[in-house]
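Here is the structure we will look at, set down as C-alpha cells.
The values are calculated or read from the model by the stated rules, or taken from the named source; none is laboratory data. Not measured: the values here are computed from a predicted model. Cβ atoms come from the backbone with ideal geometry, glycine included; neighbour counts cover every protein chain shown.
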Amino acid sequence: MSISIPTANISVIKDFLYSYAPAGLSIWSGFAKGIRIATRGSYKYLPMTNGSLIPPTKTLTSYYMGSAILVGIIALIFIATIAIAIMQCCALCCCKKSLARKRNHRVWSRQSAWWSGIWFTFINLAFIISAIASFTGSVYLSTSVDSASSGTLGTIKSGQDIVAGLPVSINASFTSLKGIVNQTADSALHIIDFNSLQTTGVTPNMNALANGIQATQDNITAMLTQGDAISTTKVNTLSIAIQVNTTTTNDRADLAAWKANQQTFSGSGGATYVYSGTDLNQNAFDVASAAALGMTTGLQQSPDGSSTLSPLQNLGLNSYAAQIRDVVTNLPININTLMMNGTNTFKVSAIGALNVAQNSIGSSLAPFQGSAGNSLTNIYNQVSGIFTQVRTYNSYRHIVMAVLSAIILLILVVVNIGAVMKKPRVVKGCNFTAIGFYALIQLLALILYISAMLIGDACSLTFDYSPPPISIALDPFTQTSVNNVFILRDQCKQNQSLLTIATNLGYLNASSINMTKIASDQLESLDFSPIANSWNLSSSISINPSPTQKLSALTSLDTTGLNVTTLNNISTNALPALRNALTNLRDVYNVAITTSNGNSGLTFSPSSQAAAVVNAGYADFVSKLTTRRDALNAFLAVNGSIDQMQNSITSMISSVQSLNTSTHNAINNANTIPGYYNSSISSLGYFSGNATNNLTIAIPQIKNQTISSVGGVQNTLYASLTCQSLAENIFVIQDALCGRFMGGLDAVWFAYYVIGVFSFLSIPAFIYFANVMGASRRHSGSVDVEATYGASPKYKKGHSQRQPQIERSVHIN
C-alpha cells in the first residue's frame, strides 16, 4: 500500500537556492524542467511506501504516466525515422525510374513555394536554437563536476578539520585553564622582584641568544638560496655542455660513417656514395669532441652549493629561537614555580588534575575521533581519485555532445547552401544522409530524458522537502541516520557547535565532556596550603639541545667544496679551448662544403653515374655538412651556447666566492653564540639572593579564585568547534547535483528532444522544399538541377505551357 507523507509534516526548503544557468540557457532549462515536473501530474514527488524504496505498480503507473507519454512520442519518432531510412534505401534500389518520372511532372505554384519556405525557415530556427542550447547545456553540465568535486572534497576536508581540531580545541581550552591556575598561583609571589632578572643580566643574555640564533637562521636561509642558485646555474650550464658534447660526438661518428658506409640519397636511382675527400680533417673532429668532453667533465666537478650546504637544511633554528624566547617570556613564572615548593606542588597538582580531566574528555572522544579520522581520510583519497576519472569522462562526454551540436549545424549549413544555390539534390542528399544521425539524437533524447526524470525524482525525494520524503521508505536505523545527516547540516548552518549537535543526536555523552564539572571536581580535591623553599633555578632556563649542539651542523660544516679552482680552470682553459676547437671544426666544414659544391670529395658506387645522380649525391652531402656547420654556428654565435656558458661560469665564480665568504662569517658568528647561554646561567645566582626571605605571604584565596575561573572555558571550547563550513559544502554538493547537473541535463535532453521531433519533420519538409525548388526552376525555364550534369533541360511536349499545379504527395528520393 502506498503511503504519502502528510502535507502538514512536510515543508518545502526555502532558505537554499540552486545556481542559475546563464540567462538564455536558464529559460530553456527552466522550460524543460517545467515539462519534466508537469509529467508528474498532481504529485510533487514520488509517493513512497513504508520500508520499501519501490512503490506499488499502480502508484508508479500513475506517477510516470506523463513521462511515459513523452518517452512514447520520441520512441515512436525514433522507430518511424528508422523505417523511413529503410524505405528510402528500398526506393533507391527499385524505384529510380518511377521517381524520376514523377519528379519531371512536378509543377510549381506560389502557394507551394510559400509553405515550403515557412517550414524550411521554422525547422532551421528550431535546429539552431536547439543546437546552441545543447552545447551551452553541456558546458553548464560540466560545471557540476567541479562543483561536486569542490563540495564533496570540501565536506570531507571540513569533517577532517573538525575531527582533527577536537584535541586541539580541547588542549587549547585546558591550556587556558592551566594558564588561569598559574596566574592565580603566581599572585602569591607578587612580592618577588622579577625586574631583577633584567638587571642581573639573565633576560638580556637569553634575548641575545635568541637573536643570535634567529640571525644565524636568516644567514643560513640566504646561504641556501645562494647555494641553490649556484646549483641551478651549474645544472643549466652542464646541460648546454652536454648538448655541445653530444653534437661533437655525433659529428665524429658521422664522419666515420661517411667514410666507411655507403650513403643513400634521394634521386640516386640505387646509387650510393662514400666520402673519400681530405677536407674533413679527423683531428679537428677529435679535438672538438675531446674539448667538449673536457668541458662537461670540468663542470661536473665544479662546486655544488646545494650539496655543500645540505647539512644546514631543516636545522629548525627559527623554532629553536622561538623556544628560547618562550623561555624568556615564561622565566618569571618558571622561576617562581621552582622557588617555592608549596606553590610548585600546587601547580603540579592542579595541572595534573586538569590533565586527568583533559584525558577523561579526550578518552571519551578518542574512539569517535580515531574512527572518523581514518574513515574520512580513506574516503577523501577514494573520492579524489574518483573525481579525477569523472573529470576525464566528463571531458569525453562534452566533446561528444559538442560534436553532435556541430553536426546539427553542419547539416543546416549544407542544406542551406543547397537552398541558396538552388540545388535540390544537395538538400535531399544531405537530408537522407542525416537520417541515421537523426535517429541517434532521438535515442539520446530518450535516454537523457529518462535519466533526468530519475535523477530529478531523487533530488525531490532527498533535498527539496524536510524531512526528506525518501526517509519513510528506509528501515528505522537508516531512516534515523538519514534524518540525522540533514539535522547535522541544518544545525551546522546555524553555526552550532559540533559537540552540541553530536550530544543532541546521541553520539556523545553530555556528562563525559562537561569540562566545567570535571575540572572543578579535580581542582576541589587539591591541597593549596603547603609552602616550600626548594631551589633549582638553573632548570628554569634549560634548553634542549644546548646551543652548542644545535649549531654544530654549521660550526663543523666542511667548506672545502666552496672553491673556484675548477671554475677558474674552465674559464681560462677549457672554455677557450672548446671555442677554438668548435671554430676550427666549423672552418673544416666550410672548406668541405665549398669543395663538395665543386663536386669533389665523394666516390659513387657504381662509379659511372649520370650527372643528375652525381649532383643529387653532392647536394645531399652538402646538406648534411651544412646542417652540422649551422649547429656549430649556433653554438659560436653571439649570446650562443658558448657565450652563455662563459657568462654562467663567470657568475658562478663570483657567487661561489661570495658564498664562501658568507659561510665562514656565519661559522665565526655561530661560535660566539653559546656564550650568551652560559652568561644567563651565571646571572641566575644573583637573582635568588633575597627571594626566599620575601616569600611569606599565604595563599588562602588561590583555591577559590582558580575554581571560579573554570566556568567560562567550556563555552570557548564549544565555540571553537562550529561546523558552518561543513554545511556550506554539503549545500555545494546539493547544488552541484540538483542545480547545475540537473540544469545542464534538462537543457540537453530538451534540446535533443526538440531536434529529434523536428529532425523527423524535416525529412518530408526538406524533400517538399527541394521538390518545390526544382519545379520552380523548370517553371522559370532554368536548367533542372536534377537533370543529368551537362544535359539540356527536357520538357515534355505541352507541359511547359500548362498552368501551375501542386502535387500534394511527398516523394522520397
Restricting the search to the range 398-447, which residues are among the β-branched types (Val, Ile, Thr), surrounded by fewer than 21 Cβ atoms within 10 Å (Cβ to Cβ) and within 34 Å of the chain's Cα centre (by Cα)? 399, 400, 403, 407, 447
Given the conditions (1) assigned to a helix (DSSP H, G or I); (2) under 24 Å from residue 256 (Cβ atoms); (3) in contact with a helix residue (DSSP H, G or I) (Cβ under 6 Å, 6 or more places away or on another chain); (4) at pLDDT below 90, every one holds for residue 574 apart from (2)
Counting only residues that are under 15 Å from residue 296 (Cβ atoms) and of a type in the set (D, E, K, R), how many does the range 219-251 have? 1
Evaluate the range 619-637: report whether one residue or more is modelled with pLDDT of 90 or more, within 14 Å of residue 265 (Cβ to Cβ), outside the structural domain of residue 311 (by TED's automatic domain parsing) and touching a strand residue (DSSP E or B) at 6+ places or on another chain (Cβ under 7 Å). yes
Across (1) more than 26 Å from residue 648 (Cβ to Cβ); (2) loosely packed, with under 13 Cβ neighbours inside 10 Å, residue 313 clears everything bar (1)
Quick count over the range 292-325, residues being over 15 Å from residue 553 (Cβ atoms), in a helix (DSSP H, G or I) and not polar (S, T, N, Q), is 11
Against the condition over 50 Å from the mean Cα position of the chain (by Cα) and loosely packed, with under 14 Cβ neighbours inside 10 Å, how does residue 634 come out, does it pass? no
Could you list, ordered by first residue, the pairs with Cβ atoms under 8 Å in which the first is in the range 450-477 and closer than 27 Å to residue 753 by Cα and the second is among the basic types (Lys, Arg) and at pLDDT 65 or above, at least 6 apart or interchain? 452/36; 453/36; 456/33; 456/36; 460/44
Picking from 622, 614, 656, the residue that is under 44 Å from the mean Cα position of the chain (by Cα) and not aromatic (Phe, Trp, Tyr) would be 656
Among the residues in the range 237-250, are any surrounded by fewer than 17 Cβ atoms within 10 Å (Cβ to Cβ) and either in contact with a Lys or Arg (Cβ under 9 Å, 6 or more places away or on another chain) or under 22 Å from residue 619 (Cβ atoms) (or both)? yes
Filter the range 661-673 down to the residues that are at pLDDT below 85, buried (at least 18 other Cβ atoms within 10 Å of the Cβ) and either among the charged types (D, E, K, R) or assigned to a helix (DSSP H, G or I) (or both) and list them by number. 666, 670
Select, from 251, 279, 286, the only residue that is in contact (Cβ under 8 Å) with a residue 60 or more places away in the chain, more than 19 Å from residue 651 (Cβ to Cβ), in a helix (DSSP H, G or I) and among the acidic types (Asp, Glu). 251
Checking the condition of a type in the set (D, E, K, R) and either over 30 Å from residue 660 (Cα atoms) or in contact with a strand residue (DSSP E or B) (Cβ under 9 Å, 6 or more places away or on another chain) (or both), which residue from 279, 218 passes? 279
